[in-house]
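Input: a single structure, listed below in structure tokens.
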Amino acid sequence: MQRFEHSLATPAENVAFDEAILEWAEANSREGEFLRLWESAEPMVVVGRSSHVEKEVDVAFCRRERIPILRRSSGGAAIVTGPGCLMYAVVLSHAVQSELKDITRAHSFVLKQLTKAIGPLVAHAGTVACAGTSDLVLDAGADVASARKFSGNSLRMKRTHLLYHGTLLYNFDLPLIEKCLRTPPRQPEYRLHRVHSDFVINLPLSRERLVDAVVAAFPAASAPGQVPISRVEELVTERFGKAEWNYEFR
């Protein structure tokens, strides 16, 4: 597994990078796997491939505050990221783990790896657990509404590989989520209709310790390979930098 700790200059390039390494793995390496860690220098909203932007995002607020809205190629609902939110992506090979062709098993594998790595580091604050389809929560155990989300995740399945990526909140401006996003049209049962401010939480971890935990979750990550920057640029031109891709319902 090769590791990239690489944040690019623009939101569109950062969203395109995950797709570029998935494409590279599909085309060039049957057993190739990648771990990527990055963090946006500015706030940005990223919606799922099938998201209705107007239903999930306060577009007027984002335009007023010059917060870009991008569409990823994986599913799920809108997220807000930026400084204080570590982003990760893993590209995993079906040849290495054939059971990951099953979407439910893919979710379970990645989230359990992260749970085992992060959980002991925050045991003083609560229990890390999987919740809903693809969330990670910190559960203080005080009552039924004590589980608060710190990580939302999504996947993209292709012929020989899958891309699994998501958010890890550790020092994020949480009120910004309430300002950028509307109440999601689809909610996991454990959310209990809580507003964003009562539902999300930052992990009580430094960035350095969180990075170490993610790396530990996916061991044997080697020195980074060559960044597929030319394909990133093509994907920005073809897709992720275009308003018709980012705003139109797909």
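The values are calculated or read from the model by the stated rules, or taken from the named source; none is laboratory data. In this text the structure is predicted, and so the values were computed from the model without any measurement. We place every Cβ from the backbone using ideal geometry, glycine too, and count neighbours over all the protein chains shown.
Structural remarks
- If the condition is being farther than 27 Å from Val15 by Cα and of a type in the set (Asp, Glu), then the stretch 100-157 contributes Asp139, Asp143.
- Some residue of the stretch 146-168 being within 18 Å of the chain's Cα centre (by Cα), in contact (Cβ under 8 Å) with a residue 24 or more places away in the chain, surrounded by 16 or more Cβ atoms within 10 Å (Cβ to Cβ) and part of a helix (DSSP H, G or I): no
- Options Leu176, Leu210; residue that is touching a Pro at 6+ places or on another chain (Cβ under 7 Å), modelled with pLDDT of 95 or more, within 26 Å of Ala140 (Cα to Cα) and of a type in the set (A, V, I, L, M, F, W, C): Leu176
- Yes/no for Arg63 being within 24 Å of Phe172 (Cα to Cα), surrounded by fewer than 21 Cβ atoms within 10 Å (Cβ to Cβ) and not polar (S, T, N, Q): yes
- Against the numbered list (1) buried (at least 22 other Cβ atoms within 10 Å of the Cβ); (2) more than 18 Å from the chain's Cα centre (by Cα); (3) hydrophobic (A, V, I, L, M, F, W, C); (4) modelled with pLDDT of 95 or more, Met44 comes up short only at (2).
- Verdict on Leu181 being under 17 Å from the mean Cα position of the chain (by Cα) and under 30 Å from Arg64 (Cβ atoms): yes
- Counted residues, the stretch 9-41 - those being more than 19 Å from Asn171 (Cβ to Cβ), among the polar types (S, T, N, Q) and at pLDDT 95 or above: 1
- In summary, strands (runs of 3 or more DSSP E) completely within the stretch 20-106 and bearing 1 or more residues that are hydroxyl-bearing (Ser, Thr, Tyr) occur at 79-81, 85-93.
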